[in-house]
Amino acid sequence: MAWELDADRPIYTQLVERIQMQIVSGIYQPGSKLPSVRELAAEAAVNPNTMQKAFAELERCGLIVTLRTNGRLVTEDTDMINEIKQNQAKEYLDVFIGKMKELNYTENDIIDLINKAIAR
Amino acid sequence: MNDLVEIVGLSKAYDERTTAINNMTLTLPRGRIIGLLGPNGSGKTTLIKMLNGLLVPTQGSIKINGFYPGPETKAKVAYLPDRTYLNNAQCVSELLDYYNDFYADFSRDRAGEMLTGLNIDPTSKMKTLSKGTKEKVQLILVMSRSADLYILDEPIAGVDPAARDYILRTIITNYSPEATILLATHLIGDIESVLDEVIFLRYGQLVLYNSVDNIRMQHGKSVDAYFREVFAC
């Protein structure tokens, strides 16, 4: 099933985001082997060159490691993965809190609502 | 020979009034999937025919792998026309034999695998197959060759969305870094995520040759949306 991608943003940045998310959320575990560029491109229904570019970017920032003969692995550096995860969470929270404040909720209200939502 | 296709000052005039291609200069690299886009009458088919050596330029030149269109280029160019030229009375396996005879680089095994994967009975006659299935057979024949340049003219028009997905997946998985695929289509939105680059043609002239991601970045919209803007009627 093709990946859902926005039509108005560059494809390669969206691929980087998506694979990063899969790594950070544990779908690809630290140290595990990633599918080949070709396999993932076919799954995502995108051009293999674009997928290659996304992999290169993830390698550049250290999230993926290339073994000369054996494909690509997710990094074992769990600190790096956690840091990325925390940054992403912070982004989500900033957006959420911003919107709740637009609705004029106080900080205590927001905490209440979160607790109720989690309990559901 | 790093560039696959070199087009220099190319023009094709059918008569004094009809110029189908007008002074085009363009170089196509290897290992890319390139969309050839433009309104009807913009010269796509004329360009494709000249690349295949089916039409001769009135001016300028085309070289593929350093050769002018001829036997050397035809051995390295795989063409999927928008209208089938295959014999309707023949059955699928006879067509496989025909291709096998004709093209040294044809892989009968690969073609057979793809046909099996689609549950297409090789003994069925082409004329008994549905339009969509016929298109898939044609595509399989073409993609089972090891060409340097694949020219696909409207490979996904007139088929259902699931068949389109299959066709695009076949194109992606048969992709080779040494080969280039030139894909002419009107269904831009469906294929743009599969394309590296696009060519826009208008009135036989080159309007644009850029990567999909560059266009999205520079214009903040999809190639489909940008095309509609550029070619608004």
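In order along segment B:23-34, the Karplus-derived 3J(HN,Hα) couplings, from 6.51 cos²θ - 1.76 cosθ + 1.60 at θ = phi - 60°, round to 6, 9, 10, 6, 10, 10, x, 7, x, 10, 10, 10 Hz, and Gly and Pro are given as x. Rounded to whole Å, the principal axis extents of the Cα atoms in segment B:1-110 read 44, 34, 24, largest first.
In terms of other Cβ atoms within 10 Å, B:51, A:73, A:103 run from fewest to most in the order A:103, A:73, B:51. Averaged over the residues of peptide B:208-217, the number of Cβ atoms from other protein chains lying within 10 Å of each residue's Cβ is 4.
When Rg and Dmax are taken over the Cα atoms of chain A, they come to 17.8, 57 Å. Once the Kirkwood radius over Cα pairs is known for segment A:79-119, the Stokes-Einstein relation at 10 °C and 1.306 mPa s delivers a diffusion coefficient of 140 µm²/s.
In loop segments of segment B:6-69 as defined by DSSP, the trypsin sites (Lys or Arg not before Pro) with at most 10 further C-beta atoms inside 10 Å of their C-beta are B:17. Pairs spanning more than 21 Å between alpha-carbon atoms, out of A:33/A:53; B:12/B:49; B:49/B:74; B:74/B:127; B:12/B:63: B:74/B:127.
Restricting the calculation to alpha carbons of the protein assembly as shown gives Rg and Dmax of 24.2, 79 angstrom.
Positive contributions from Lys and Arg (+1) and negative ones from Asp and Glu (-1), summed over other residues with Cβ under 15 Å from the Cβ of residue B:2, come out at -1. Annotation for segment A:34-73 versus segment B:195-222: alpha-carbon center distance of 25 Å. When the helices of chain B are scored as -39500 (n - 2.57) per DSSP H run of n ≥ 4 and the total is divided over every residue, the value at 222 nm lands at -9500 deg cm²/dmol. Considering only beta bridges that DSSP places wholly inside the protein assembly as shown, some 60 percent are antiparallel.
Note on segment B:161-176 and segment A:78-120: Cα centroid distance 41 Å, given to the nearest whole angstrom. The H on the amide N of residue B:179, modeled in the peptide plane, is under 5 Å from the matching H of B:31, each at least 5 residues off or on a different chain. Counting only GluC sites (Glu not before Pro) that are in a DSSP loop and have at most 13 other C-beta atoms within 10 Å, tell me the longest site-free stretch of chain B. Answer - B:17-177. Calculated on the alpha-carbon coordinates, the convex hull of segment A:11-76 measures out at 76 cubic angstrom per residue.
Averaged over the residues of B:163-169, the number of partner chain Cβ atoms lying within 10 Å of the residue Cβ comes to 2.
Computed from phi, the 3J(HN,Hα) profile of segment A:82-97 under the Karplus parametrisation 6.51, -1.76, 1.60 (θ = phi - 60°) reads 5, 5, 4, 4, 5, 4, 5, 4, 4, 4, 4, 5, 4, 5, 4, 5 Hz, with x in place of Gly and Pro. Sequence-ordered 3J(HN,Hα) estimates for segment B:217-231 from the Karplus curve with 6.51, -1.76 and 1.60 and θ = phi - 60° stand at 5, 6, 10, x, 8, 5, 4, 4, 5, 5, 4, 4, 5, 5, 9 Hz, glycine and proline given as x.
When only alpha carbons of segment B:86-146 are considered, Rg and Dmax amount to 10.4, 29 Å. Ordering B:91, B:233, A:61 by the number of other Cβ atoms within 10 Å of each residue's own Cβ, fewest first, gives B:233, A:61, B:91. Evaluating kT/(6 pi eta Rh) at 37 °C and 0.692 mPa s, with the Kirkwood radius of segment A:1-49 over Cα pairs in the Stokes-Einstein relation, gives 285 µm² s⁻¹. Taking other Cβ atoms within 10 Å as a rough exposure proxy, B:123, B:173 sort from fewest to most as B:123, B:173. Across segment A:11-76, C-alpha contacts under 8 Å between residues 6 or more apart give a mean separation that, scaled by the residue count, equals a relative contact order of 40 percent. Over the Cα atoms of chain B, Rg to Rh with Kirkwood Rh, two decimal places? Here Rg/Rh amounts to 0.96.
Here chain B is treated with +1 on each Lys and Arg Cβ and -1 on each Asp and Glu Cβ, and its dipole about the Cα centre works out to around 360 debye.
Among B:43, B:203, B:54, which residue has its Cα positioned farthest towards the positive end of the charge dipole of the protein assembly as shown, with +1 placed on the Cβ of Lys and Arg, -1 on the Cβ of Asp and Glu, and the dipole taken about the Cα centre? After comparing all options, I get B:54.
For the residues of A:37-45, the average number of beta carbons from a partner chain within 10 Å of their own beta carbon is 3.
The loop-placed chymotrypsin sites (Phe, Trp or Tyr not before Pro) in segment B:56-158, going by DSSP, that have at most 14 neighbouring Cβ atoms within 10 Å of their Cβ come out as B:85. Relative to the current alpha-carbon distance between residue A:84 and residue A:27, full extension at 0.36 nm per residue lengthens the span by 19.0 nm. Relative contact order of chain B: 27 percent, from C-alpha pairs under 8 Å at least 6 residues apart in sequence. Relative contact order of segment A:44-120, taken over Cα pairs closer than 8 Å and 6 or more residues apart, is 13 percent.
Quick note: the coordinates plus some simple rules give every number you see, no bench work behind them. As the structure is a computational prediction, the values presented were derived from the model and not from experiment. Cβ atoms come from the backbone with ideal geometry, glycine included; neighbour counts cover every protein chain shown.
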